[in-house]
Each structure stands twice: as C-alpha cells, then as structure tokens.
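See below for the structure under consideration.
None of the figures in this text is laboratory data; all of them are computed from the coordinates on show. Bear in mind that the values here come from a model prediction, so they are computed numbers and not experimental data. In this analysis, Cβ positions are derived from the backbone assuming ideal geometry, glycine residues included, and neighbour counts consider all displayed protein chains.
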Amino acid sequence: MSQEKIDILQRALKREKAARKAAEKILEEKSGELYFSSQKIKELLAEKSSQLQGIFENIVDAYVVMEINGDILKFNDSATKLFGYDIDKESINAMDLIHKEDYEHAFSSFSELQANGFYKDYETRIFTKYGKVKWVHVNGSIVFDKDKKPVAAQGIVRDITEIKNLELQKEKLVLKLEKSNDELHQYAHIVSHDLKSPLRSIDALVNWLKEDNLEKFDEASIQNISLIETTLEKMEQLISDVLNYSSVAADNSNIIDINTNTLVKELLNIIYIPNHIEIKICNTLPTIKGDKTKLQQVFQNLISNAIKFSDKEKGLIEIDFKNIDDFYQFSIKDNGIGVEKRYHERIFKIFHSVNNSKDSSGIGLSIVKKIVDLYGGEIWLTSEPNVGTTFFFTLKKQPNGRS
Amino acid sequence: MKGIVFREFLDLVEEKFGLEMVDEIITKSDLESGGAYTSIGTYSFSEMLQLLQHLSAKTNISIDNLLLIYGEHLFAVLGNSYPGLLETYADPIEMLASIEDHIHIEVRKIYPDAELPTFIVEERTENSLVMIYKSSRAMHHFGLGLMNKTFEYFNSSATIVLEKIKEDGTEVKFIINKN
Amino acid sequence: MDKVLKIMLIEDDMIEVMKLNRTISKLGLKHKIIEANNGEEALILLSEKDNLPDIILLDLNMPKINGIEFLNILKNDDSLKYIPTVILTTSNNHKDLLECYKIGVSGYVLKPLKYEAYVDKIEKLLSYWSINELIKI
C-alpha cells in the first residue's frame, strides 16, 4: 500500500473516530434530556392523578361514572349519600334510579348526550335506595378511549329537591296571591256598593222630606237639608276614591303602545278648564308601553290638581317631557298656590290632602304614586308657595322588566 | 444541515469515485467539523456547499447534476429507513402534493430542528402537479432527484420541467406531468 | 201615543222600590209596576204567562239568586228571553258590565247618588221603552 493511500485511510479513520465521539456525546446529552423530561412527565402525572382523586373525593356534588349501557361504575361519597347505594357491594343501573315518569325524557337526553358528547342542565326525578323521590340536576359527558371510542359516561349530579320544592311553593303562592288580589278587588266593589246604597237612600228620603214639606220648612232647615246633600256627595266621592285606589293593581294584561301626546290631548277635552287657565304642551310627548286607564289616571289627577289649585288671574299649566336613559320623565308645572316644603312627602300618602276642600279626598296623589311605583318610576315635586308647583314623575321604559 | 445528508453524500462519493475523492474534497475544504460527520449531528450548510464545489471542479459535473444524483440516491436510503411513510401513499402525485402537509411534518418528528424547503402546490390534477419550491439553499435539483425516484418507486414516470422564478434558484417552479 | 208599560222591578232594597214608585207618580206616568223582592219571587211571578211584564228592571246585588244568576235563568227560558231586561245597579265593576252584556241585557244603568239625577234617568229610560215595539208571546 502506498504511503498516500495509508495517509488517506488514516485520515478517514480519524474522521470516523471523531464522528463517533461526537455522536456519543450527542447521545449522552439526549438521554440526559430524555431522563429529565420523563421525570417531569411522571411528576406531572402524579400531580394530575392526585388532583383528580381530590376532585373526585371532595366535590360537594355527586359524581357518577357509568358504562354506556347505564351500569354504574363509580360513585363518589356524595353520590353514595345521595342515592343510598353502596356501589362496592351492589350493582345498579342508571335506569333503576330514574323516576318512571321521566323515562322518556331520560332516553331522549341520553341520545343527545351520545350524539354531542355532552349534555347540560338535565333535570329529572330519581328514586333513592330507600324509595325517596328527589329532583336532581345533571351535567354529563361521554368518556372516550384513545381511539375516540365511547367507553363510559360521567356526570356531576346535584340535588335540587329543595330548590324545586321552593319553586313549586312559589308558583302556588303566586297563584294564591293572584286569586286573593282578585277577590279583594271584587270585595272592594261589593263593599263600595253596600256603602253607597244607604247614601242613595238617604238622599232620596231627604229629597222627599223637602218636597213634602216645602211650605213648612223655614230658610235654615232648607239650608241644612242642602248641607246634608253636600255631605252625602262628599261621602260618595270618598268611597269611589277608595275603590279606585284599591283597584290599582299590578296587572300587565293591558300593556299596549300608548301615545301619551294623544292621551293628554284627549284628557284636556274631558277635563273642565276655566277660561283664565291656559294649558301648554311644551314638547311632543312620547309613545310608551303601558296601561291606558292607569296612565290616564296619572295625568288626569295631576292636571286636575294644577287647575284646582290655580289662584292667579292668568293661570298657566305647562306639560313637558324629557328622555332620561331608561326612563321617561314628565313634568306638570303650574303657577298656583304652591305647596309648603314640609308637605312634599305627605301629600302622596293616602288621606293626606293638605287642602281640606270639598272636591279633594286626598286620594288622587296617592293613586298617582301607586301607579308610578308600578311602572318602576318616581314622583316628586318642586314648589314655592304662592308662585307655583312642578310635579315630576318618571316611568321606566321597560315596565315588564321590573322585578 | 443534518448529519445524515453529509454521511450519505460522502458514502455516495466514495462509492462512485473512491475514498481518494472523499479525502481530497474534505482536505481541500475549510471545514469546521474537520469532515467528521455523524448522522445525528447538525452542521453548517456552507460545508456542504464547499464539498459540492470541489467535487464539481474535480469531476467536471455541474453542481445541479451532482445534487440530482444525490437526491436519487437519498430517496433509496430514506425509503429503506422509513418504509412506513411511503406505504401510506398510493400515487406519486398524491405523495408529492403532500410534502408540505405530511412528509415535512413527519420529518420534523425525527429531526425537530431540520431546515426544510417549502413546496407550495399551485395546481393539481389527477396526472399533473405544479409546485413552487422555495429555499435559500437553492437545492432544487436535489428535490428533482427525490421526485424522479418517487415516480420510479410507484412504477411510473414523469416529465418534470423546472422554471426558475428567481435567477439564484431560491424560488423555482416545478411542472410535473405524469407520462 | 206612547204605550203604558208593565214594568217588573226586581229589587231587595225597600227604599229603591219606593223611589221608582214615587218617580213614576211624580212624572205623572201610567206605567204599572210589578214588584219582586228577589230573583225567586220574580220567577214565581213570571210563571204566570198571561201577566208577563213588558220590561224588567233588575238589581245585581241581591240575596239568594243574584242578578247575574237570575239573568242566566231568564235568557235560557224560551218565552222569557224576549223580555228586555235593563240592569239598574250601583256596581260599575267592569267584570259585571261585561258579563251582563255577554248574557244579553238591553241596558245597564248606574243608580246615581242624587235623587234628581235618578228621576231624570228613569224618565229617559221609560220614555225610550214606551216608544219601542215589544214582542208578546
């Protein structure tokens, strides 16, 4: 072999040795890395397993794992407590637990669970081991193996018996309340009828007395008889007002779109307005959702009051409107006698008329307040005695949205 | 560049031109690795470039042609090492069209830091394929060699035309028509 | 010429009965009044088919059979259902109003507080019915 050839071979050998060393070094590093990452995976696995075990044992809700055919595989402590079965000693199927009347719903829900892989907010009645019926809420999902084949179903089961019972109780209470409200309403009508009948009779009798004795009675007696009549009228008005007040109930059945602009204009045609009083609508009033009769009552009472308490040579009443976020704000301003500050709260209370006049029973404003309250709004006033009063009230734009 | 590419390249040079040629091109090149390559190592691409240049000068074969032959050689090596990969395909067009989406992903599983070219499919019919090759290495003929062998492997053949989009060969259009 | 009516007043309140009687005599009308204190009494009177009233004035709030029950009986009777029945009541309860018109009444008059107003209403009511053609069976 030539020296040149030997040199080539030696160089090749040297390269091979160097390459081998390099390879060994790389391998060593890699195996170190591998060991390190496998340690990390092991730690992570142990940590996750212990977390899962902790969740399984500690969740307050019942946790159930079952086979696709419904055979129960696992109960946590809460589940054992809820259902009453000891899964280690007896085997049960999910269908043994479900209330017979809820079977159909159970089947359709399980089909959905299989189709989607999960099912949320399933509610059903179950039988415990001791025959007790309970309401439960279930969030379930399918457990898949690594080939994505469904192997089991798992679910978090919550006992909602208490909540369900409360719901049922609430429904019953609401029904009862509606009924007693209605009864009260009817009762108010009967009472008002029974109270008004004697008044009518007295009025007739007094009239006959007057008719039959026109020559015999002196001036003073005729005067007294007319006072009896006036008193009767006041009494009748009082009864009507009490009936009206008791009739203002939360009733959403007549909620429709109401153009308050038209409503107020119609009212101004009905209400008696003396010649010296001018009524101005300063803004186009909005169309709102509400009950026509109730809104009429509100405007009629406030406008009538403004007219009633006008004492100036030229009376001016201004009706205005503003859009404020979730509310409509109306205002009715007059230049009448005004209300002293200390009465501002009191006037909204029933039978608290500040002015003890013949045509105010003191119920009007309390009806207005009751209605405004129903609409989730507020009512208040600003006033200066002898200068005038402005009543403000707001109505919520979504009257149904109130709680 | 992965060591296996150097190992296989030098093995091919030794097989075709003898150990002397291997010794000569290594000795003439200025190599950081000193020419000691292990298939699991990673080396600078400039080493491959020097080896190719010296081999080309010595043999009077163009670098492109050297790469073509080398590509053809490497296909067999890879085919032997990873037979499973080839078996997943029934058709060469299908296999070539999936370089980017499948083959390179598999390659990265074995060599996470491999620097791979991109092959963007522009047009594909049952019997034809137009792809754009992009790589700073300009080793399009290496790709051509692999492709030739691909058709051969499926007992088929094709006419493959290369059109340079960039003069330096870093972007090349491959127009492949099955015969 | 206006007819002379036979009016049946079904009313439990004695003074209300007196009011109608006095009103008719005060207005100088010739109408004849048949008094019934309650629904049952009215039904007995109505069983005399040769002495049926031309119109019935009916109070709603009565003991025993109340006005609405009585109305139902009346409107289900083949011969009595043709007698125009006008409600005379204090109740402006919307529910009652609706129910009465549903069963079929010929009028719904609220009893006013003032006696003068009552006289006025009764005069109008009777003069209206005395110009109406009525069915005799």
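Which residue fluctuates most in the GNM of chain A (Cα springs below 10 Å): A:155, A:364, A:54?
Taking springs between Cα atoms under 10 Å, the residue moving most is A:54.
Run the quick spin-label model on residue A:149 and residue A:114: label points 7 Å from Cα toward the beta carbon, then report their separation in nm to one decimal.
It is 1.6 nm.
Of the residues A:386, A:213, A:244, which exhibits the maximal mean-square fluctuation in a Gaussian network model of chain A defined by a 10 Å Cα contact cut-off?
Comparing A:386, A:213, A:244 in a Gaussian network model of chain A, the most mobile one is A:213.
Can you list the residues of the stretch A:11-40 with backbone N under 12 Å from a point 7 Å past the Cα of residue A:47, pointing along Cα to Cβ?
Once the point is set 7 Å along Cα→Cβ of residue A:47, A:40 turn out to lie under 12 Å by backbone N, inside the stretch A:11-40.
Apply the membrane-span-like helix rule to chain A: whole DSSP H runs, Cα extent along the own long axis of at least 24 Å, mean Kyte-Doolittle hydropathy at least -0.5. List the helices found.
Details: long enough: A:3-58 (81 Å, -0.81); A:161-212 (76 Å, -0.65); A:219-247 (42 Å, -0.03).
Helices passing the filter in chain A: A:219-247.
Identify which of A:376, A:338, A:32 has the largest mean-square fluctuation in a Gaussian network model of chain A, with springs joining Cα atoms closer than 10 Å.
The residue that fluctuates most here is A:32.
Where the only charges are on Cβ atoms (+1 Lys, Arg; -1 Asp, Glu), what is the dipole of the protein assembly as shown about its Cα centre, to the nearest 20 debye? Don't skip to the end; give the middle numbers.
Numbers: 88 positive and 111 negative charges, 237 e Å.
Value, rounded to 20: 1140 debye.
Over chain A, consider all pairs of different Cα atoms and compute the Kirkwood hydrodynamic radius from their mean reciprocal separation; express it in Å, one decimal.
Details: mean 1/r = 0.0329 Å⁻¹.
Kirkwood hydrodynamic radius for chain A: 30.4 Å.
Please report the projected area of the stretch A:263-337's Cα convex hull averaged over all directions, in nm².
Working: hull surface 20.5 nm².
Here the figure is 5.1 nm², rounded to one decimal.
Quick one: if the Förster radius is 51 Å, what FRET efficiency do residue A:169 and residue C:120 give, using the C-beta to C-beta distance and rounding to 0.05?
Values: r = 55 Å, r/R0 = 1.08.
Once rounded, the FRET efficiency stands at 0.40.
So for the stretch A:250-403, Kirkwood radius off the Cα pairs, Stokes-Einstein at 4 °C and 1.567 mPa s: how many µm² s⁻¹? The partial results should precede the final answer.
Working: Rh = 15.8 Å.
For these conditions, the coefficient is 82 µm²/s.
For the protein assembly as shown, what is the Kirkwood hydrodynamic radius in Å, using each pair of distinct C-alpha atoms? Spell out each step's value before the answer.
Values: mean 1/r = 0.0261 Å⁻¹.
Mean inverse Cα-Cα distance, inverted, gives 38.3 Å.
Under the rule of -39500 (n - 2.57) per DSSP H run of 4 or more residues, summed and divided by the residues of chain C, what mean residue ellipticity at 222 nm is obtained, to the nearest 500 deg cm²/dmol?
Details: 5 runs with 56 residues, N = 137.
Helix contribution divided over all residues of chain C: -12500 deg cm²/dmol.
Check cross-link reach from residue A:341 to the lysines: straight Cα distance under 20 Å, and skip same-chain residues fewer than eight apart.
A:308, A:333, A:349, A:369
What is the total of Lys pairs in chain B with C-alpha atoms under 15 Å apart, excluding same-chain pairs fewer than 8 positions apart? Can you show the working numbers first?
Numbers: B:2/B:109; B:16/B:58; B:28/B:58; B:134/B:164; B:134/B:166; B:134/B:173; B:149/B:178; B:164/B:173.
Lysine pairs meeting the criterion: 8.
Send over the per residue convex hull volume for the stretch A:167-247, Cα only, as a whole number of Å³. Don't jump to the answer; show the numbers that get you there.
On the way: hull volume 4.9 nm³, N = 81.
Hull volume over Cα atoms, normalised by residue count, gives 61 Å³.
Taking a cut-off of 17 Å between Cα atoms, list the aspartates and glutamates near residue A:179, but don't count ones fewer than 8 places away on the same chain.
Candidates past the 8-residue exclusion: A:171, A:251.
First select every other residue whose beta carbon is under 9 angstrom from the beta carbon of residue B:120; then total the charges, Lys and Arg +1, Asp and Glu -1.
-1
Per residue, what volume in Å³ does the convex hull of the Cα atoms of chain B enclose?
Details: hull volume 20.9 nm³, N = 179.
Hull volume over Cα atoms, normalised by residue count, gives 117 Å³.
What stretch of chain C, leaving out the sites themselves, is the longest with no trypsin sites (Lys or Arg not before Pro) in a DSSP loop having at most 15 other Cβ atoms within 10 Å? It would help to have the intermediate numbers written out before the result.
Values: sites that count: C:3, C:30, C:64, C:136.
Value returned for the longest uninterrupted segment is C:65-135.
Working only with C-alpha atoms, what are the Rg and Dmax values of the stretch B:1-45, expressed in angstrom?
10.1, 25
Over the Cα atoms of the stretch A:102-231, what radius of gyration and what Dmax do you get, in Å?
36.1, 115
Test of understanding: extend the Cα→C-beta vector of residue C:82 to 7 Å, then name every residue of the stretch C:1-42 with backbone N under 16 Å from that spot.
The answer is C:6.
Based on the Cβ-Cβ distance of residue A:18 and residue B:76, what FRET efficiency does E = 1/(1 + (r/R0)^6) give at R0 = 22 Å, to the nearest 0.05?
Numbers: r = 27 Å, r/R0 = 1.24.
According to the calculation, E is roughly 0.20.
For residue A:176 and residue A:313, calculate 0.36 nm times their separation in residues minus their Cα-Cα distance, and state this gained length in nm to one decimal.
Values: separation 137, 0.36 × 137 = 49.32 nm, distance 5.44 nm.
Full-extension gain reported as 43.9 nm.
Among residues other than residue B:129 whose Cβ falls under 9 Å from its Cβ, what is the net charge (Lys/Arg +1, Asp/Glu -1)?
Values: positive: B:124, B:178; negative: B:122, B:123.
Every neighbour counted, the sum reads 0.
Quick one: plug the Kirkwood hydrodynamic radius of chain C (C-alpha pairs) into Stokes-Einstein at 4 °C, 1.567 mPa s, and report D in µm²/s.
Translational D for this selection: 86 µm²/s.
Express the relative contact order of chain A as a whole percentage, based on alpha carbon pairs under 8 Å and six or more residues apart in sequence.
Numbers: 510 pairs, mean separation 35.6, N = 403.
Rounded, it is 9 percent for chain A.
Assuming 0.36 nm per residue, please report the length gained on full extension of the stretch residue A:238 to residue A:259 beyond their Cα-Cα distance.
Working: separation 21, 0.36 × 21 = 7.56 nm, distance 3.08 nm.
Gain on stretching residue A:238 to residue A:259: 4.5 nm.
Averaged over every viewing direction, what's the projected area of the C-alpha convex hull for the stretch C:1-79? Give it in nm², one decimal, please. Present the calculation step by step, with values, prior to reporting the outcome.
Working: hull surface 22.6 nm².
About 5.7 nm², averaged over all directions.
For residue A:258, what residues show an amide H to amide H distance below 5 Å, using hydrogens built from the backbone and excluding near sequence neighbours?
A:288, A:289, A:290
Considering just Cα atoms, how many Å³ per residue does the convex hull of the stretch A:16-165 enclose? It would help to have the intermediate numbers written out before the result.
Numbers: hull volume 22.9 nm³, N = 150.
That works out to 153 Å³ per residue.
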